[in-house]
1. Would you grab the residues whose amide H sits under 5 Å from the one on ARG81? Only those 5+ places off in sequence or on another chain, please, with H modelled 1.01 Å from N.
2. Hey, how much of the P(r) for segment 26-135 falls beyond 19 Å, as a percent of Cα pairs?
3. Let me know the shape class of segment 6-58, please: from the alpha-carbon gyration tensor, a ≥ b ≥ c as square roots of the eigenvalues, rounded when a/c is under 1.5, otherwise prolate if a/b is greater than b/c, or oblate.
4. Could you work out the relative contact order of segment 1-50? I mean the mean sequence separation of Cα pairs under 8 Å and 6+ apart, divided by the number of residues, in percent.
5. Is it possible to state the helix-based mean residue ellipticity at 222 nm for the chain, with each DSSP H run of 4+ residues giving -39500 (n - 2.57), the sum divided by total residues, to the nearest 500 deg cm²/dmol? What is it?
6. FRET efficiency for GLU4 and ALA127, Cβ-Cβ distance as r, R0 = 25 Å, nearest 0.05?
7. Pop out the ³J(HN,Hα) list for segment 83-89 in order, Karplus 6.51 cos²θ - 1.76 cosθ + 1.60 with θ = phi - 60°, rounded to Hz; leave Gly and Pro as x.
8. Using a 1.4 Å probe on the protein chains only, how many percent of the accessible area of segment 7-135 belongs to carbon and sulfur?
Amino acid sequence: MGMETLTVLIADDHPVFRKGLRALLAAMPEVELVGEATNGTDAIRRAEQLQPDVVLMDLHMPGGGGLAAIRQIVQTSPHIRILVVTMFEDDDSVFAAMRAGARGYILKDMDDDEISRAIRAVGAGEAIFSPAIAE
């Protein structure tokens, strides 16, 4: 069974968190990390250039936040699926992100298995929400 490779772009301004995501993605054989961005403007440019399947998008970044980036990417490349990565699940910006076209979100403190599952699900075209938000 030849699985399609899932290409992923990380957009997050925290080096330690990016490093953790890199390690997590490296452990997923069907996933290829194609790039990283550290702010919203950069994320828009890299998404346009790399056309990844999935963007892991932090909402709170300097130099153009994630929200504007989500709107722009979804408008320009509607086939790119955006998975929001956030610290706060009751954040209004999470709902704003979903309205802007994000396909789901994960919390930064979720365990690796949950994050992997969410990335695979969004990559497969599903929408993903943590239980707390779904309620």
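1. VAL54, VAL55
2. Roughly 38 percent, rounded to a whole number.
3. The shape class here is oblate.
4. Once divided by the residue count of segment 1-50, the mean separation gives 43 percent.
5. For the chain, the value works out to -13000 deg cm²/dmol.
6. So the FRET efficiency works out to roughly 0.80.
7. Taking θ as phi minus 60°, the curve returns 10, 6, 10, 9, 8, 10, 8 Hz for segment 83-89.
8. Here carbon and sulfur together make up 53 percent of the probe-accessible area.
The values are calculated or read from the model by the stated rules, or taken from the named source; none is laboratory data. No experiment lies behind these values; they were computed from the predicted model shown. Cβ: placed from backbone, ideal geometry, glycine included. Neighbour counts: every protein chain shown. Note: areas computed on protein heavy atoms with side chains; ligands, DNA, RNA excluded. Shrake-Rupley method; radii C 1.70, N 1.55, O 1.52, S 1.80 Å.
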